[in-house]
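Okay, structure first, notes after.
The values are calculated or read from the model by the stated rules, or taken from the named source; none is laboratory data. Since the model is a prediction, treat every value here as computed from it, not as a measurement. Don't worry about glycine lacking a Cβ; one is built from the backbone with ideal geometry, like all the others, and counts go over all protein chains shown. These accessible areas exclude ligands, DNA and RNA; they are computed on the full protein's heavy atoms, side chains included. Shrake-Rupley method; radii C 1.70, N 1.55, O 1.52, S 1.80 Å.
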Amino acid sequence: MDLVTAIRNADPARAAELVAGMDGARRSAELPGLEALRRELIRRDSVRPGWDALLVVGAVCHSTPAGAADWLARGELDSHGAWDRPPLIGLLDGQPAAWQRETGLRLANRRAGRADDWGSGLLFGIAEHLLRRSDTPPPAEPGFVVDWMRDRSSALFRSAVTVLPPDVDLRTRLRADSFTPVLAPLVFEGPTARWFDHFARRDDAERWTPALVALVADGTIDRAPFLARGFARLVRGGAPGELRTYLDLVRALEPGVAELADNRRALLALLDGDSVVAGYALESLMVLEGAGLLGEGELAEAAGVVLARPEKKLVRAQLGWLDRVAAGGRVEVALRAVAGCFGHPDRQVQGQALKVVKRHVRSVEGELLAELRAAALLLDPAHASVAAELLGVEVVLDAWVVVEDRLPEPPRPVAMPVPLATPAEVAEELAAAMAAPDESTAFERVLDGLARHAWQDRTALAAALAPLRPTWEPLHVLARIAAGTAHPEDLPPLLQYRYQYGGVFGSVLAARLHETAHRLAADPVPFLLSTPTWCNGALDGRELVARLARYEELGVRPGPVDFAQALLRTAGDGSEGAEALTSPAGQRLAAWLRGGGLPRRESTVVPPGTASGTVQETAPGTAPGTVQETAPGKASGTVRHRHCEQPAPAADRLDLLAVADGAQVPEPIRLLLGPRREAEEHYWGRAWQIDGRATAILPRHREETAVRLVPRLGDDRLPLLLAENTGPCGPAVHLLLALSCGTESERGRAAAVDALLSFAAQRAVDPGALGRAAGALVRDGAVRPNRLARTLTELAAAGAPRLAWDVLAALLPVLLAAPVPRGAAELLATAVDRARETGARGGIDAVTRVATGGGRSRTVTEAGNLAAVLG
């Protein structure tokens, strides 16, 4: 039995025996056969018993450490295995010490450069064993710490050659580990945050923070450099979760006043970062100032940064600190910093700053008084009387200036790129699509390109796709089906556990992939019918007629899902020439186009608390988005989230989506277009996620798409993608836009602003309906007022202040109905600014009622300010 056969037969003992009897030249001669075997095992796409022997035998057959490390670190064989048990471990132990040392260091350095720290840990285990075997300390590489922390984080998964004591807590394991003095001080240097308590959610003894604090306390880790590394790591920034993990460790070290003073520059730099970290830095600088270790320049620098932050909690804390500084005798530096708040966008912060000035202004004169008076000109007119009393300066409102919205050009349809002309272009587009799997254009081009070239020359297509590394991405598996190296049955299990292929939209995508896979394998087509003409997913009726005519000429049968998707993307007036088609599918297309495509349906809003099955009707002449309830029908519960419903299309129109007489409409298509409740019952209990491809399924029907998106938006880009589609906008679109205005992420708010500008440029959005929908969502608790206020402020800054005011003017009567929800003051404050900016006049009854209802809350104050502006 030769070496390759022994490995293929999963006989590691025989393989080790054969290798042990070979000299260096014979081992090198075995490498081509081992490379071929490696490619063979990889193509099987599953872990095979022979992999362990192949991994170790291939490494020791390389005479150079560089070759051995490259063999081990390629990644395809990174799996749990028996490398650490006889007889395979004996092959590694039998290598020269220099080979072990250099191979171990090369593996350690390669692991340090990996962006992905998930995996089996096999390579780290081999690197550690080789380093220990050759008596080599670990490299002080920050990235290598990640693998070390993961391995040490649990006592459950220990290598057979481990030197650590079993079944002990983390602190004991670290004290027994000779790697600890080298690697523990570097935990701030690599992407280690996720491992700090990954295995410790139920066991504090496995938490890294107390273990590292104990190592600092007993001198294993040098305290001063470790603390300096901690502050430096916080200064470098990162994701909030990561920073707060590192901050917890820094807090646990309990830096003293002298240590804080040594790191004061880092503390000042942290004031401009994550809000929680900035709060800690502010507290620490207060400690230094109280100890007399913070100079006036550093105090002014800190105040300038904090007072410019948007978080009012931090700003109030800074003003309180400056108040205490002024009371302690440093009036000039304190009030000069406080004056920077006079231009703050929040009127409440301006008022707090004026209170600080009021307490200390008696001792101010000369140049500082002049600076305070100049800064007071930036105050909101609501503070005019206080400014006049304290500083003798008159704050006046500029003359009314009517600001017109500056809207962008309406979006124009963007044509799809030409079909992929060669198999090489298909491979290139496939790589792009896998990098952005939620992008519709690349997805459609790959589907069509695979169909075209499997029809034209499957061998050439297979050759072009061969260099791509195998993955389990659905599009890549589809490509392998087209190349003949995978089966259609391989696809469904992959889609089952990917959330993008669940729900009403995802199931249509999954059905298209299933159907395309079977056509590619057994019944290829020259091209797909449903490939869009434009990037938003729309398909020109004349182009679809031409494609179907070509199908008839070639005798090709359309796929049911492909045909239905093509019709949903098409609209017409009967002039597209479909009457000349003779096939059943062609006749159904002609009838579809004569009727104008998918018929429009009225949407009705269903508020939360409504009995399931309640019918919602909008009376003729009622403002869009207004809901009137009729008597509930049979129901098993109540609605939790505000959403919209539509009736199913008429049966005769829906039946046209079937590919032939007597055929059934594909179930995912029927559920997509049918009643919402039927779809919810069908997909109940299945996880799903909406991505950017959803809007390309019904590209000519914005309202129908929005009905099926609300209240779960998914991708932040969906409102903007919806703006690129066509069709009227009803209650569902306005609900969707209102929800997007309340999103948490900055990216989501920016996309919402862009979408609103695009809809407004098309004259497709009703500000009144949008305002009423937003007000209802705030009262439902589905949208936070502060996020909505921020989005409308950004909308005004982007060139549409009047649109923002019109939305607010419709929102406020809904918002201010008793009881007034928390956070209403944020929207009232935004409304004051927008009313001034646009010169709005005329009172709003709800605002007047709140303003005159008594009380000293901020809501009442801002309502009074708005009532005064509106006159």
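Each Cα pair under 8 Å and six or more residues apart adds its sequence gap; the mean of these over the residue count of the range 257-330 is a relative contact order of 26 percent.
Accessible surface of the range 698-781, 1.4 Å probe: 47 percent of it comes from carbon and sulfur atoms.
A straight line joining the Cα centroids of the range 739-808 and the range 654-671 runs 38 Å. At an R0 of 30 angstrom, the distance between the Cβ atoms of Arg26 and Thr136 translates into a FRET efficiency of 0.60. Relative to the Cα centre, the charge distribution of the range 225-332, modelled as +1 at Lys and Arg Cβ and -1 at Asp and Glu Cβ, gives a dipole magnitude of about 260 debye. Among the lysines of the chain, pairs at least eight places apart or on separate chains and with Cα atoms under 26 Å apart come to 4. The simple Förster model, with R0 at 41 Å and r as the Cβ-Cβ distance, assigns Ser575 and Ala421 a FRET efficiency of 0.85.
Once the chain from Ala291 to Leu378 is taken as fully extended at 0.36 nm per residue, the excess over their C-alpha distance is 27.9 nm.
With each label modelled as a point 7 angstrom along the Cα→C-beta vector, the Ala868-Arg550 pair spans 7.0 nm.
Computed over the chain, relative contact order equals 6 percent, with contacts defined as Cα pairs under 8 Å that lie 6+ residues apart. Its Cα centre serving as origin, the range 255-398 has a Cβ charge dipole (Lys and Arg +1, Asp and Glu -1) of approximately 400 debye.
Relative to its residue count, the chain spans a Cα convex hull of 210 Å³ per residue.
In the chain, the calculated helix contribution to ellipticity at 222 nm averages -17000 deg cm²/dmol per residue, counting -39,500 (n - 2.57) for every DSSP H run with n ≥ 4. Positive end of the charge dipole of the range 702-870 (Lys, Arg +1 and Asp, Glu -1 on Cβ, about the Cα centre): tell me which of Thr859, Gly727, Phe759 has its Cα farthest that way. It is Thr859, whose Cα lies furthest towards the positive end.
With the simple model of a label 7 Å out from the Cα in the direction of the Cβ, Arg557 to Arg712 spans 3.5 nm.
A straight line joining the Cα centroids of the range 485-555 and the range 219-254 runs 52 Å. Amide H to amide H, with H built 1.01 Å from N, Cys644 comes under 5 Å of Val606, counting only residues 5 or more places away or on other chains. Karplus-based coupling profile of the range 260-273, in residue order and whole Hz: 4, 4, 5, 10, 5, 5, 5, 4, 5, 5, 5, 5, 9, x, with θ = phi - 60° in 6.51 cos²θ - 1.76 cosθ + 1.60 and x standing for Gly or Pro. Look at the dipole of the chain built from charges on Cβ: of Leu870, Leu544, Val504, the Cα furthest out on the positive end belongs to Leu870.
For Glu367 and Ala232, what does the FRET efficiency come to when R0 = 35 Å and r is the distance between their Cβ atoms, rounded to the nearest 0.05? E(calc), rounded to 0.05, equals 0.35.
Can you list the residues of the range 295-325 with backbone N under 13 Å from a point 7 Å past the Cα of Arg856, pointing along Cα to Cβ? Hits in the range 295-325 for Arg856 at 13 Å: none. Per-residue Karplus couplings for the range 412-417, computed as 6.51 cos²θ - 1.76 cosθ + 1.60 with θ equal to phi - 60°, are listed in order as 10, x, 9, 5, 5, x Hz, Gly and Pro entered as x.
Using 0.36 nm per residue and subtracting the Cα-Cα separation, the extra length available between Ala66 and His682 on full extension is 216.2 nm. A simple rule links phi to the HN-Hα coupling: the Karplus curve 6.51 cos²θ - 1.76 cosθ + 1.60 with θ = phi - 60°, which for the range 819-829 gives x, 6, x, 5, x, 4, 4, 4, 6, 5, 5 Hz, with x for Gly and Pro. The stretch between Arg175 and Gln587, if pulled fully straight at 0.36 nm per residue, gains 140.4 nm over its current Cα-Cα span. Across the range 702-870, Cα pairs under 8 Å and at least six residues apart give a relative contact order of 18 percent. For the chain, the per residue solvent-accessible surface stands at 43 Å², with DNA, RNA and ligands left out and a 1.4 Å probe. In the range 255-398, taking the dipole from charged Cβ atoms about the Cα centre, the farthest positive-side position among Leu285, Val305, Gly351 is held by Gly351.
Summing Cβ point charges (Lys, Arg +1; Asp, Glu -1) relative to the Cα centre of the chain gives a dipole of roughly 1160 debye.
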